[in-house]
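What follows is a short report on a single structure.
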Amino acid sequence: MSSTARAARTAFAAGTVVALAAGLAACGGQSLEEKGGRGGGKREIVIGSAGFTESKVLAEIYSRVLADAGYRPRVQTLTNRELYEPALEKGQIDVVPEYASTLAEFLNAKQNGAQAKPVASSDIGTTAAALAKLAEGRGLKVLAAGRATDQNAFAVTREFAAAHKIRTLSDLGRSQQKIKLAAGEECETRVFCKPGLEKTYGIAVAGIDPKGVGTPQAKQAVKDGTDQLVLTTTTDATLDNFGLVLLQDDKKLQNADNVLPVVNAKSAGDKEIETALNKINKVLTTDDLINLNRKVDAERLKPADVAQAYVESKGLVKK
């Protein structure tokens, strides 16, 4: 990374950390007693959310199920894992909706370095066990994985795919096209993103356009030709609206990511919270994720309203 890019990244991170500190000031590292005790709906549970649609909706679903169980939940959006995971360790937030393989490799790199041997795979049992071990060492507790899965994915316009005869990420690498990638700025260092595209597929990533993961702005930039590739997810429900198609991950850079809750073991590791959140995993499916994303991204409904309708339709809360 150039010194200019590094400076810009540092400035961004510093500004975000200041905002994060302000947002978490009310609950930063508080004990359970300071948060209001355990019973009678007085205890506050802070639910962390990343900045993309699916995470926001899942956080709102968690919020409603925990409220139904007698807790006082509050959702805090913290942009990306680089921000919310340390806050979770510190007890500034209590629970986050997560993805098994992605979090496993994030914690693996955090503990063992960027070149650490991968611990995630397509086997959810093995991956979840590795994740639980890594999480336990950081004061976190991983709850049961559900059936719903999501993966990171990359998309181009139909016109670009046709012009260069591209269907897979390997095809994109062989095309030797210089690619500007619309993604989150953390893509610069995450193994599944820029480093993985370069190492696994030989894709020439000329730069990162930090417009976020699968945001309308990121997809519009590819549609307009400002960028050539966008990082999104396999549950993105609006690709057709932008004339985009997913490229097949033919060398399996991404592992299947089952959705699961991760909690701070000290502040939210009790059985009541686990029981409440496990109710979600018993009903949530991959198709549900796609439909929930569509309601927010295509139908322009609010994540909170979409979550409320979902938990009521599935009988997860008392009406």
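Screening L229 against (1) open to solvent by 10 Å² or more (accessible area, probe 1.4 Å); (2) touching a Lys or Arg at 6+ places or on another chain (Cβ under 8 Å); (3) more than 24 Å from N108 (Cβ to Cβ) leaves a single unmet condition, (1).
Put simply, of A256, A183, A206 the only residue that is buried (at least 16 other Cβ atoms within 10 Å of the Cβ), of a type in the set (G, A, S) and modelled with pLDDT of 95 or more is A183. The test for being touching a residue at least 60 places away in the same chain (Cβ under 8 Å) and open to solvent by less than 20 Å² (accessible area, probe 1.4 Å) holds for L103.
Just one of (1) among the small types (G, A, S); (2) touching a helix residue (DSSP H, G or I) at 6+ places or on another chain (Cβ under 7 Å); (3) open to solvent by 10 Å² or more (accessible area, probe 1.4 Å); (4) in contact (Cβ under 8 Å) with a residue 60 or more places away in the chain fails for A116. It is (4).
Exactly one residue out of G139, G146 is under 21 Å from V283 (Cα atoms) and in contact (Cβ under 8 Å) with a residue 60 or more places away in the chain, and it is G146.
Of the residues making up segment 150-172, those that are under 17 Å from G214 (Cα atoms) and assigned to a strand (DSSP E or B) are D150, N152, A153, F154, A155, V156, T157. Of all residues in segment 133-149, none are open to solvent by 20 Å² or more (accessible area, probe 1.4 Å), under 27 Å from A218 (Cα atoms), part of a helix (DSSP H, G or I) and among the hydroxyl-bearing types (S, T, Y).
Considering segment 66-82, the residues that are in a helix (DSSP H, G or I) and surrounded by fewer than 21 Cβ atoms within 10 Å (Cβ to Cβ) include one that is modelled with the lowest pLDDT, namely E82.
For segment 310-319, filtered to residues that are free of Cβ contacts under 8 Å to residues at least 12 places away in the same chain and in a helix (DSSP H, G or I), the residue that is surrounded by the most Cβ atoms within 10 Å (Cβ to Cβ) is E312.
Each residue in segment 83-96 was checked for being part of a helix (DSSP H, G or I) and touching a residue at least 40 places away in the same chain (Cβ under 8 Å), and 5 of them qualify. Filtering T200, T189, T126 for residues that are of a type outside the set (D, E, K, R), without any contact (Cβ under 8 Å) to a residue 24 or more places away in the chain and open to solvent by 40 Å² or more (accessible area, probe 1.4 Å) leaves a single hit, T126.
Every test in (1) within 17 Å of E82 (Cβ to Cβ); (2) surrounded by fewer than 16 Cβ atoms within 10 Å (Cβ to Cβ); (3) among the basic types (K, R) is passed by K194 save one, and that test is (2). Taking each residue of segment 283-301 that is within 16 Å of A145 (Cα to Cα) and looking for partners that are surrounded by 18 or more Cβ atoms within 10 Å (Cβ to Cβ) and of a type in the set (S, T, N, Q) with beta-carbon atoms closer than 6 Å, six or more apart or interchain, yields T286/T149; L289/T235.
The values are calculated or read from the model by the stated rules, or taken from the named source; none is laboratory data. Computed from a predicted structure; not experimentally measured. Neighbour counts are summed over all protein chains in view; Cβ atoms, including those assigned to glycine, are modelled from backbone coordinates with ideal geometry. Just so you know, the surface numbers come from the protein's heavy atoms only, side chains and all, with ligands and any DNA or RNA stripped out. Shrake-Rupley method; radii C 1.70, N 1.55, O 1.52, S 1.80 Å.
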